[in-house]
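Report on the following structure.
The values are calculated or read from the model by the stated rules, or taken from the named source; none is laboratory data. Model, not experiment: these values are computed from the prediction. Counting neighbours? That spans all protein chains shown, and the Cβs are built from the backbone with ideal geometry, glycine included. Keep in mind that these areas ignore ligands, DNA and RNA; they rest on the heavy atoms of the full protein, side chains included. Shrake-Rupley method; radii C 1.70, N 1.55, O 1.52, S 1.80 Å.
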There are 2 protein chains.
Amino acid sequence: MKRQIEIFDSTLRDGAQGEGIAFSVEDKLSIVKALDSLGIAYIEAGNPGSNPKDLEFFERVKHIRLQSAKLCAFGSTRRRDIEVEADANVVSLLKADTPVVTIFGKSWDMHVTHILNTTLEENLKMITETVRFFKQKGKELIYDAEHFFDGYKANPAYAFETLKAAAEGGADCLCLCDTNGGAHPALIAELTTRAAEDFGIKIGIHCHNDTGLAVANSMFSVDAGALQVQGTYIGFGERCGNANLSTIIPNLQLKGDYLCIPEDRLSLLTPIARQIAEIANINLPSGEPYVGMSAFAHKGGMHIDGVNKVSASFEHIDPETVGNERRFLMSEVSGRTTLMSIINKIDPTLTKDSPQTKAIMEKLKAMEHKGYQFEAAQSSFELIIRKELGLYKPFFELEQYKITGEQPALNNMESATAVIKIFVDGKEELTAAQGNGPVHALDCALRKALVVFYPSLSTAHLTDYKVRVLEGKDATAATVRVLIESSDGEDVWTTVGVSSDIIEASWVALVDSIEYKLTKIHEESKE
Amino acid sequence: MKRQIEIFDSTLRDGAQGEGIAFSVEDKLSIVKALDSLGIAYIEAGNPGSNPKDLEFFERVKHIRLQSAKLCAFGSTRRRDIEVEADANVVSLLKADTPVVTIFGKSWDMHVTHILNTTLEENLKMITETVRFFKQKGKELIYDAEHFFDGYKANPAYAFETLKAAAEGGADCLCLCDTNGGAHPALIAELTTRAAEDFGIKIGIHCHNDTGLAVANSMFSVDAGALQVQGTYIGFGERCGNANLSTIIPNLQLKGDYLCIPEDRLSLLTPIARQIAEIANINLPSGEPYVGMSAFAHKGGMHIDGVNKVSASFEHIDPETVGNERRFLMSEVSGRTTLMSIINKIDPTLTKDSPQTKAIMEKLKAMEHKGYQFEAAQSSFELIIRKELGLYKPFFELEQYKITGEQPALNNMESATAVIKIFVDGKEELTAAQGNGPVHALDCALRKALVVFYPSLSTAHLTDYKVRVLEGKDATAATVRVLIESSDGEDVWTTVGVSSDIIEASWVALVDSIEYKLTKIHEESKE
């Protein structure tokens, strides 16, 4: 029988303290739905006392019917020397009208005397009275013992007195917080055991990642008896972030004897991580355990060879368990196995030793040297293979393009104009288009010219455009790599261009995108 | 007396297996120098058997005089059923001519029988004979026991037999590898202790981060007796990366009783991390413990208030110890404390309640809404404050610029031309410049026009140029944010521009960069 662990997500509260993170009310509602669909037990969604906008959120979230999650509002103990009812923060917390309230209080004597400027005795009263107030209002109450481990190091007896104060107020859970992220797993385990024994109340753990130990510390606390793990789903949070729940959940559930979310939700771990990253407008780090793009990406030749023979040889779990997938990366080091699988897609008769294969490898190396990377742009690589194999038929010829941009702009919207002249089967098409900037104008002009000859192109459009400056030191003369993602509603493909001129780099990727689509149509019509 | 721990960096070998990582020979030489200056004990720099380009590197690196680091070449045990001397990989390793050789061998029976397709007995011979061969050639030999922990789980006796085989060959260090990154800290500690007791040889630890535990696992191994920690300096590596040395070193040295690098090098931890990220052309994750941009960045109002009173209240160490710095972030949640410190730099008489302060806040919000972010572009923010306070004097007026670009280019190098007309104190300057792309041409033309009036501008130049596409879904019509970093050899400043036209966004950031420099000169001349 697996032990049930409550997962408590604070992406919307502690996570919002991360640099570069800002959620609109709409964003917060979307994230609540995503976390709930995963089977998270508690969602801490805001601090109405410090962020008045949160009250609007709590009003609107009431209209969402949650499957499994309970919503929490977060706030501090009452201020010193006033009645609980008179504290504006406490009043806001009640207004949020959530079933669960998280109250944090001070465990570290120095914080009491130097930050709050009050007495150790008054701090204990603040804790007990605030906790009791919310219990009397019928709330489930989680008490967050801020800086518990640092507080213990400074004054062990007092740190435990603050927990006792919360217990006396009637707290349902005592959560031990490593607020500054500097505690050692051994201390975390020791104090978790002791707190569980002393109070007989559910113990929670809340870790920060300032020493890269938030995941380990959370796990050690669970092994020592904690029943609730607080964190943020993909590790957002102040400074180095909070404990990353997308790592902790599978660590506990797949490798330990614990149940964190329903078994049938494990395969949502990766898609939900990517969805939250997208809502937050943050690139999910590719090396994120379990859920990152690279988490099961193999590049070394021996690793690829091994995984092809026995997948467990270089994978600690099956990637599909957590909704992720295995990838083989192209690179000169990866050897030819990966390359061959792409080459054989186009010509199944070629082998590693074919002269054509060698020519493709040479071409690849030369282009990587110029700054090309095909790991994320396999479609451009496939076009190179076709060109080297003589299987490539140019769909048009560029005679010339010319772009102009100016300020002040001719009108508000379109600051650039592109003129383009192409030939298709000897027929000339000269046209022009305006756009928001030169790349947009050029994109519009090229499509306008080509759709005359290839009407099916109208189903394809660009879905993403990325620019990466390769050598920042040359500043505006630096080489840039442009990645373009395109879609025709069925497939998605990515192409790449490199140049010190951003227009030219974009042009190369744009042409590849169009040629890839036309090649696809051409191949399908042959079948 | 602190225990000395050898730090073994594999950024150039295992790190190069990370997705998106590719080093040129020049890059590798720069990284060797950087790691050596930090006092790293071992630098594993390549695998000459699998990557022939590495031999060029090993030839060139001989001309670098290293202060503290020993270079290692990495390779596998000999192939099955041949003589050691006849193995091409072994021959390449000798050719690399390094004082130290790292040999990896199989500890997991399944790998021996299913991946290498040989017998358990032959694998032991392969280990002993390869190790002995390099010892007879006078090398210091580190034996990497690949998959040691997974191997132990499958067949404990055999895993230890492989270590014995390496010990019999004369290995100087037995390094236990958690190759798939799935081992638990308790197992790591237990087997480290046992290996140290069984063989009386130096034990090393090599962890991967697939479960987010690589740092914890390395530390548990050290506490259990390991004397060498292998990893990569900022965590590069296959899949989820290797153990991050920039976290482990300060964890062991500042919080444990260990010495990893000379005490006086600790303050290089952050600058070297940023240098290596720059060479690898990777953004160092901002939340990286100790060395990330956000590692000591405070955003929550209560945290900023606390740190202002007692810095230890929300910081686990003093950021300067590791060469990092404290930052207060601007955001609506952080309240006005941070903004006030910047506003007061320009006008010390303003308070939070001044109407000018409120006007600045309004302006800031409106610009953030458009996509501006000032966290990384404080100089642009300072110019906004000056404009709002009426302290801004425009140094020039733009009448018009016009850029043209075309393909085929007029000549190979310069594909774009910019024409610009500006006024300074009623005097007109009309000029033109060519460049690699429209932004470069415009940058050159503006400087050419302005230096006529402001000769001191010639000391300032751009040092970095970054482009971020904000809404990829609008593809080439998407809004872009351009960040420009400039330097005059004394100061470095960063400015920002946002537009759906990349030329215009670059222009805005460029103008801010120049105005900031001219304002600085103007202010200094008043003093």
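Miscellaneous remarks
- Subset of region B:105-123 [among the aliphatic types (A, V, I, L, M), touching a residue at least 12 places away in the same chain (Cβ under 8 Å) and either open to solvent by less than 30 Å² (accessible area, probe 1.4 Å) or not in a helix (DSSP H, G or I) (or both)]: B:L116
- Members of region B:489-509 that are out of contact with any strand residue (DSSP E or B) (no Cβ under 6 Å at 6 or more places or on another chain) and outside any strand (DSSP E or B): B:G489, B:E490, B:D491, B:S500, B:D501, B:E504, B:W507
- A:L364 at pLDDT below 90, within 13 Å of another protein chain (Cβ to nearest Cβ) and assigned to a helix (DSSP H, G or I): yes
- Sole exception among (1) assigned to a helix (DSSP H, G or I); (2) open to solvent by less than 60 Å² (accessible area, probe 1.4 Å); (3) away from chain B (no Cβ under 11 Å); (4) at pLDDT 85 or above for A:S458, by number: (2)
- Any hit, region B:158-171, residues being under 21 Å from A:F314 (Cα atoms), among the acidic types (D, E) and either out of contact with any helix residue (DSSP H, G or I) (no Cβ under 8 Å at 6 or more places or on another chain) or open to solvent by 20 Å² or more (accessible area, probe 1.4 Å) (or both): no
- Sole exception among (1) assigned to a loop (DSSP other than H, G, I, E, B); (2) within 30 Å of B:T357 (Cα to Cα) for B:R468, by number: (1)
- Residues that are open to solvent by less than 10 Å² (accessible area, probe 1.4 Å) and free of Cβ contacts under 8 Å to residues at least 40 places away in the same chain within region B:62-86 comprise B:A73, B:G75, listed in sequence order.
- Qualifying residue in region B:409-419 (condition: buried (at least 24 other Cβ atoms within 10 Å of the Cβ), in a helix (DSSP H, G or I) and in contact with a Ser or Thr (Cβ under 9 Å, 6 or more places away or on another chain)): no
- When residues in region B:312-338 are screened for being modelled with pLDDT of 90 or more and either away from every other protein chain (no Cβ under 11 Å) or open to solvent by 30 Å² or more (accessible area, probe 1.4 Å) (or both), 6 of them pass.
- Residues considered: B:A186, B:A196, B:A216. Of these, the only one that is within 14 Å of chain A (Cβ to nearest Cβ), surrounded by fewer than 24 Cβ atoms within 10 Å (Cβ to Cβ) and in a helix (DSSP H, G or I) is B:A186.
- All positions within region B:260-286 that are touching a strand residue (DSSP E or B) at 6+ places or on another chain (Cβ under 9 Å) and closer than 25 Å to A:T232 by Cβ: B:S286
- Pairs are defined by a Cβ separation below 7 Å, a sequence spacing of at least 6 or placement on different chains, a first member in region A:304-315 that is under 15 Å from B:C177 (Cβ atoms), and a second member that is exposed (fewer than 15 other Cβ atoms within 10 Å of the Cβ); no pair meets this definition.
- Checked against the criterion of being open to solvent by 10 Å² or more (accessible area, probe 1.4 Å), more than 12 Å from chain A (Cβ to nearest Cβ) and in contact with a helix residue (DSSP H, G or I) (Cβ under 7 Å, 6 or more places away or on another chain), region B:232-242 contains not a single residue that satisfies it.
- Residue-level check: of (1) over 19 Å from A:G301 (Cα atoms); (2) small (G, A, S); (3) at pLDDT below 95, B:S50 misses just (1).
Listed here are the residues, each with its yes/no results for (1) more than 9 Å from chain A (Cβ to nearest Cβ); (2) in contact (Cβ under 8 Å) with a residue 40 or more places away in the chain; (3) buried (at least 17 other Cβ atoms within 10 Å of the Cβ).
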site	(1), (2), (3)
B:S380	yes, yes, yes
B:L383	yes, yes, yes
B:I422	yes, no, yes
B:A433	yes, no, yes
B:H440	no, no, yes
B:C444	no, no, yes
B:K466	no, no, yes
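- Number of positions in region B:482-527 that are among the basic types (K, R), surrounded by fewer than 22 Cβ atoms within 10 Å (Cβ to Cβ) and in contact (Cβ under 8 Å) with a residue 24 or more places away in the chain: 1
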